[in-house]
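Here the structure comes first, spelled out in structure tokens, and everything after it is commentary.
The values are calculated or read from the model by the stated rules, or taken from the named source; none is laboratory data. Bear in mind that the values here come from a model prediction, so they are computed numbers and not experimental data. Ideal geometry is used to build each Cβ from the backbone, glycine not excepted, and the neighbour counts take in all protein chains shown. Quick note on the areas: whole protein, heavy atoms, side chains included, nothing else; ligands and nucleic acids left out. Shrake-Rupley method; radii C 1.70, N 1.55, O 1.52, S 1.80 Å.
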Amino acid sequence: MKLDLLIEKATQLKNKTVAVASAEDEEVIEAVSEAVKRNLANFLLYGDKGKILNLINENNSHLLQNSSVQIIHTNSSQLAAENAVKAVKLNEADVLMKGNISTASILKAVLNKEYGLRTGNVLSHVAVFEVDGFDQFIILTDAAMNIAPDLEQKAQITNNAVMIARKIGVEIPKVAPIAAVEVVNPVMQATIDASVLTVMNKRGQINDCVIDGPLALDNAISSFAAEHKGIVSEVAGQADILLVPTIEVGNAIYKSLVYFAKAKVGAVIAGAKAPIVLTSRADTAESKLYSLALALCSASK
């Protein structure tokens, strides 16, 4: 599956708006420029207007004459985050995007009790990869938000990822809770949690997906490895979602896919009232564009 399909799908959605907090960032402006060229969405750019205009004038002056882009000056990054979050809260925007601001600052605004985007659910990072040699998307969670989630948090993280998967066309995603081994070991918490999640799925406590675990990474994504080890499963060898036990595992897999496998990726934060594009400063404009497309598809009813 190609991430460009998400861009095509997003272009078919009408009247979607993205609120960008602290938009004075070169890569963010590049992503906005490309998104506008493709008619992905309208944009509300919150931040230092002078700096935003300077960045636009450098390489993307076409944005100045485009009615789909509005610049709203704020005197600080904190106010930019607050106003961008309020725009989503008031249904003036469908997606929140992080610009030149710390993750802690924008999440503080997202979690504000008065104007934030709380739902009572766990917020989690969902990354969708296009990997050469694989016919389907590889969805990884959670590589950036939850450090060492407990069983209940893992169930919510799974629900968030399943929701994203279904929004992009994976009707009944197959979920593999990842561990070092594929048998339950009482001294390895990841295997215990994986087996409980599997039972919860079978008993209807986690719906709209198929869960089977624990599975080691090779058995989750390689039919050859699964068959070689005699694993018979609906998920083994064909997992859509890789549910990792800790942030270290997720972070290592994420960066291995990007740097070793040269995979393309788009990612969002799920679990809030609207998708959040929370990309890294190191992410390319292309990755930010894919993340925007993923968020817009996720925001569709």
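Quick check on the stretch 248-295: of everything there that is among the charged types (D, E, K, R), in a helix (DSSP H, G or I) and touching a strand residue (DSSP E or B) at 6+ places or on another chain (Cβ under 9 Å), which residue is most open to solvent (accessible area, probe 1.4 Å)?
By that ranking, first place goes to Glu286.
Check the stretch 176-183 and report whether any residue there is at pLDDT 95 or above, of a type outside the set (Asp, Glu), over 23 Å from the mean Cα position of the chain (by Cα) and crowded, with 18+ Cβ neighbours inside 10 Å.
No, the stretch 176-183 contains no residue that is at pLDDT 95 or above, of a type outside the set (Asp, Glu), over 23 Å from the mean Cα position of the chain (by Cα) and crowded, with 18+ Cβ neighbours inside 10 Å.
Residues checked against (1) assigned to a helix (DSSP H, G or I); (2) in contact (Cβ under 8 Å) with a residue 12 or more places away in the chain; (3) of a type outside the set (S, T, N, Q); (4) open to solvent by less than 30 Å² (accessible area, probe 1.4 Å):
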| residue | (1), (2), (3), (4) |
| --- | --- |
| Gln136 | no, yes, no, no |
| Ala161 | yes, yes, yes, yes |
| Ala165 | yes, yes, yes, yes |
| Ile206 | no, yes, yes, yes |
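Considering (1) of a type outside the set (Phe, Trp, Tyr); (2) touching a helix residue (DSSP H, G or I) at 6+ places or on another chain (Cβ under 8 Å); (3) touching a residue at least 24 places away in the same chain (Cβ under 8 Å), say which one Asn42 fails and leave the rest.
Of (1) of a type outside the set (Phe, Trp, Tyr); (2) touching a helix residue (DSSP H, G or I) at 6+ places or on another chain (Cβ under 8 Å); (3) touching a residue at least 24 places away in the same chain (Cβ under 8 Å), only one is false for Asn42: (2).
Which members of the stretch 63-108 meet the condition of being farther than 17 Å from Ile29 by Cβ, open to solvent by less than 80 Å² (accessible area, probe 1.4 Å) and assigned to a loop (DSSP other than H, G, I, E, B)?
Across the stretch 63-108, the qualifying residues are Ser76, Ala93, Asp94, Ser102.
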